[in-house]
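Okay, so here's the structure we're looking at.
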Amino acid sequence: MTPLPPHPPHSPRPSLDQVLTRAHRRVACIAVALAGLALTVAGLGALRFYSEQNLRLVARSLSYTVEAAVVFDDAQAAQEALALIGGHEDVAELEVGNIEGRVLARWSPGAPGAGARLEQTLAGWLIPSPLLFPVLHDGQAVGQIRLVPLGRGLLQYLLSGLACVCLCLAISIAVAARLARRMQAEITGPLRDLAGVAHRVRCDRSFGLRVPDAGIAELNALNGDFNALLDELEAWQRHQQKEHATLSHRASHDSLTGLSNRAMLESELAKALAEAAAEDGLVALLYLDSDRFKEINDQYGHAAGDAVLVNIAARIKTLLRSNDLVARLGGDEFAILLRPLRHGADALAIADQIIAAMAQPIHLPGGDNIYTSLSIGVALYPQHGADPAAMLLAADEAMYQAKQRRRGSRHVAGPPHTIPG
């Protein structure tokens with residue numbers, strides 16, 4: 001099977017400015033050429049008429065001059081008359097003959113050069129046959145004059161006409177170029193603005209950009225429709241960003257308390273441990289558990305249990321710094337990431353403040369006041385774990401030890417733990 005020949009490379013496409021400029025130049029050239037052609041044809045017709053009239057006047061004047069010479073058959077006098085008149089008129093040849101057709105005298109300006117031959121050729125196109133005029137004596141024809149036009153005036157007219165056409169063509173091209181630039185500014189300017197905004201919207205997703213108004217009604221309507229489309233895209237983008245922010249918040253926060261969830265805690269704990277390892281710093285993890293939550297939930301209902309969790313979360317947040325992180329791990333369990341930490345005693349002080357804050361009663365939606373406490377386990381990096389899993393396990397076990405010893409107390413984790421697997 002014969003393979004198809006490769007496609008020729010695509011030539012670069014012309015810009016709108018180039019297309020408009022070429023169109024204006026073509027129109028100007030065609031208009032000037034047609035106008036010049038029409039004027040030239042009309043001028044040639046008028047020139048032929050006036051040339052014939054001028055030749056008739058020359059012939060009439062010459063007939064009066066050579067009348068006597070023809071009557072008396074004086075060839076020398078006729079020759080002198082022809083030379084006298086021919087030297088001042090636009091004729092290529094003069095000839096005088098008697099009534100029998102015998103030539104008495106003939107005159108021409110001499111051997112024609114290239115210019116003279118061109119003039120005679122043009123004159124032959126304009127007046128194809130020589131002009132014949134009778135010589136009269138007492139109203140009777142006694143001879144005949146033959147004139148061949150030279151065409152010097154015709155050549156001058158054609159050259160001057162060609163020069164005028166070229167001049168008009170140059171002026172028309174210059175004017176067309178100026179008008180084209182002005183029109184291009186009115187047409188391509190708004191289109192260039194539209195293309196620029198569309199490019200930035202496509203590349204940068206800058207849906208807040210707008211195309212300015214245009215001076216041409218159709219382009220202004222196009223810009224208006226494009227701006228309306230950008231309004232819709234911008235509204236869609238805001239909606240998508242809002243939805244994304246909502247989903248991101250839901251993915252990393254607890255829906256009941258608004259605290260961070262376990263996934264968020266583990267991610268931030270890993271970052272904190274990495275930073276502490278690089279800077280030889282200290283990080284503390286507190287594991288909290290509500291002591292009477294199941295009892296409250298069974299006695300007062302789930303709504304009361306939810307109120308207790310929300311109240312505990314609010315009290316904890318008021319005691320922490322902006323860099324610290326509190327998360328709900330699930331059920332009645334919470335965790336607190338303290339970062340950075342100067343001394344391990346600071347973590348114990350915060351744990352004691354949280355325990356003390358729970359001494360105040362919690363007001364339930366039904367009007368009841370209840371008391372609950374928190375058991376807290378404390379794990380320190382690097383003493384009690386080198387990774388998030390080890391830290392969570394150490395703090396969790398410390399919390400259970402605190403609960404077993406006395407509810408509403410805190411306990412510091414023991415030696416580091418090794419995580420299986």
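No lab work stands behind these numbers, since they all come straight from the coordinates. The model shown is predicted, which means the values in this text are computed figures rather than measured ones. All Cβ positions, even for glycine, are placed from backbone atoms using ideal geometry, and neighbour counts span all protein chains on display.
Can you give the FRET efficiency for residue 278 and residue 225, using 1/(1 + (r/R0)^6), R0 = 45 Å, r = Cβ-Cβ distance, to the nearest 0.05? Once the sixth-power term is evaluated, E becomes 0.25. With the simple spin-label model, which puts each label point 7 Å out from Cα in the Cβ direction, the residue 40 to residue 60 separation comes to 3.4 nm.
With the simple spin-label model, which puts each label point 7 Å out from Cα in the Cβ direction, the residue 164 to residue 31 separation comes to 1.9 nm. Where does helix 217-252 land angle-wise versus the long Cα axis of the chain, in degrees 0 to 90, nearest 10? The two axes meet at around 20 degrees.
Altogether, the Stokes-Einstein calculation at 25 °C and 0.890 mPa s, with the Kirkwood radius of the range 262-412 over Cα pairs as Rh, returns a diffusion coefficient of 158 µm²/s.
What is the gain in length, in nm to one decimal, between residue 22 and residue 352 on full extension, counting 0.36 nm per residue of separation less the C-alpha to C-alpha distance? Kindly include the intermediate steps, with their values, before the conclusion.
Numbers: separation 330, 0.36 × 330 = 118.80 nm, distance 8.64 nm.
Taking 0.36 nm per residue and subtracting the Cα distance, the gain is 110.2 nm.
Only alpha carbons enter this Debye calculation for the chain, each as an equal point scatterer, and the log10 of I(q)/I(0) it gives at q = 0.12, 0.14 Å⁻¹ is -1.01, -1.16.
With a Förster radius of 51 Å, plug the Cβ-Cβ distance of residue 183 and residue 84 into 1/(1 + (r/R0)^6) and report the FRET value to the nearest 0.05. Kindly include the intermediate steps, with their values, before the conclusion.
Working: r = 63 Å, r/R0 = 1.23.
Computed FRET efficiency for residue 183 and residue 84 comes out at 0.20.
Residues considered: 97, 139, 224. Largest GNM mean-square fluctuation over the chain, using C-alpha springs under 10 Å, is found at 139. The fraction of Cα-Cα pairs per 10 angstrom bin, counted from 0 for the range 205-252, comes to 26, 33, 22, 12, 6, 1 percent, rounded to whole percents.
By how many nm would the segment from residue 146 to residue 242 grow when fully extended, if each residue of separation counts as 0.36 nm and the alpha-carbon distance is taken off? All intermediate terms of the calculation are to be shown ahead of the outcome.
Values: separation 96, 0.36 × 96 = 34.56 nm, distance 10.43 nm.
Extra length available between residue 146 and residue 242 comes to 24.1 nm.
Run the numbers for residue 387 and residue 108: contour at 0.36 nm per residue of separation, minus the present Cα-Cα distance, in nm.
Details: separation 279, 0.36 × 279 = 100.44 nm, distance 12.27 nm.
That pair, residue 387 and residue 108, stretches by 88.2 nm at full extension.
List residues of the range 60-76, by number, whose backbone nitrogen lies under 17 Å from a label position 7 Å along Cα→C-beta of residue 138. Answer for the range 60-76: 67-73. Separation of the range 293-339 and the range 228-273, taken as the distance between their Cα centroids, equals 22 angstrom.
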